[in-house]
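Student: Before I ask anything, here is the structure I am working with.
The values are calculated or read from the model by the stated rules, or taken from the named source; none is laboratory data. Small disclaimer: the values here were computed from a predicted structure and weren't measured. Glycine gets a Cβ as well: all are built from the backbone with ideal geometry, and neighbour counts include every protein chain shown. Just the protein is used for accessible areas: all its heavy atoms, side chains included, with ligands, DNA and RNA removed. Shrake-Rupley method; radii C 1.70, N 1.55, O 1.52, S 1.80 Å.
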Amino acid sequence: MDNKFLEIIKTRRSCRKFESRQIADDELEAVLEAGTYAPSAHGSQDGFIVAVQEKEMMERISAMNARVMGVESNPFYNAPTYILVFAPAESQNALQDGSCILENMMLAAHAIGLGTCWINREREMFATDEGKDLMKEMGLPDGLMGVGALATGYPAAPGHTAKPRKEGYVRIIK
């Protein structure tokens, strides 16, 4: 089957090397909008998406993530934009809904020539007092948890080719 969307899915790979130039506003808005169209439990749209391009806040976020990871390097691979996803901590579907938001944005970014890498540890980061203070600075309501983040920018190198799919990955029962 020849389908452009399926080709986008098959060719999207994590990007860990970014150009330093900032992404265009219209491209960022397109990626963020794609996140808003992600499915959510009962159509609740409970998630929050925060794009960060301000250097000082990016440094704080990177340092928090690095501490959780136990490294000193930048876990966001020096991307020019970080996109954070939050969801209500009490929601039974917080991780699922937030993950759908992140996936929609990764696919949209790839479709317009941007690279992304899903960054973990936001749950641990934003459960701290420092993280809660940072969420307040972002204008977010209380009671949220970090779900994940995307390092986002123009790829500085071509993406890798997909590995062959493993045997027995899919089963069809009729």
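Student: Can you tell me which residue is most open to solvent (accessible area, probe 1.4 Å) among those in segment 124-151 that are under 13 Å from the mean Cα position of the chain (by Cα) and over 13 Å from Arg13 (Cα atoms)? Working first, answer last.
Tutor: Taking segment 124-151 and keeping what is under 13 Å from the mean Cα position of the chain (by Cα), we get 146-151.
Keeping just the survivors that are over 13 Å from Arg13 (Cα atoms) gives 146-149.
Details: Gly146: 1, Val147: 18, Gly148: 0, Ala149: 0 Å².
So the residue we want is Val147.
Student: Give me the pairs, please: first residue somewhere in segment 1-22 and closer than 12 Å to Tyr77 by Cβ and open to solvent by 100 Å² or more (accessible area, probe 1.4 Å), second residue anywhere and modelled with pLDDT under 95 and assigned to a loop (DSSP other than H, G, I, E, B), beta-carbon distance under 9 Å, and either six or more positions apart or on two chains.
Tutor: Matching pairs, first to second residue: Arg16/Ala157; Lys17/Ala157.
Student: Moving on to the next point. Being under 23 Å from Glu19 (Cβ atoms) and touching a Gly at 6+ places or on another chain (Cβ under 9 Å) is the filter here, so list the residues in segment 105-147 that pass it.
Tutor: Filtering segment 105-147 for residues under 23 Å from Glu19 (Cβ atoms) gives 105-119.
If the condition is that a residue be under 23 Å from Glu19 (Cβ atoms) and touching a Gly at 6+ places or on another chain (Cβ under 9 Å), then Met105, Ala108, Ala109, His110, Leu114, Gly115, Thr116, Trp118, Ile119 are the ones that fit.
Student: Please go through (1) in contact (Cβ under 8 Å) with a residue 12 or more places away in the chain; (2) open to solvent by less than 40 Å² (accessible area, probe 1.4 Å); (3) within 14 Å of Ile119 (Cβ to Cβ) for Ala66 and return the number of the only condition it doesn't satisfy.
Tutor: Ala66 satisfies all of (1) in contact (Cβ under 8 Å) with a residue 12 or more places away in the chain; (2) open to solvent by less than 40 Å² (accessible area, probe 1.4 Å); (3) within 14 Å of Ile119 (Cβ to Cβ) except (1).
Student: Follow-up question, since we're still on this one. Would it be correct to say that Ser40 is touching a residue at least 12 places away in the same chain (Cβ under 8 Å) and over 15 Å from the mean Cα position of the chain (by Cα)?
Tutor: Numbers: touching a residue at least 12 places away in the same chain (Cβ under 8 Å): yes; over 15 Å from the mean Cα position of the chain (by Cα): yes.
Yes, satisfied.
Student: When you check Ile101 against the structure, is it β-branched (Val, Ile, Thr) and closer than 17 Å to Thr36 by Cα, yes or no?
Tutor: On the way: β-branched (Val, Ile, Thr): yes; closer than 17 Å to Thr36 by Cα: yes.
Against the criterion (β-branched (Val, Ile, Thr) and closer than 17 Å to Thr36 by Cα), Ile101 qualifies.
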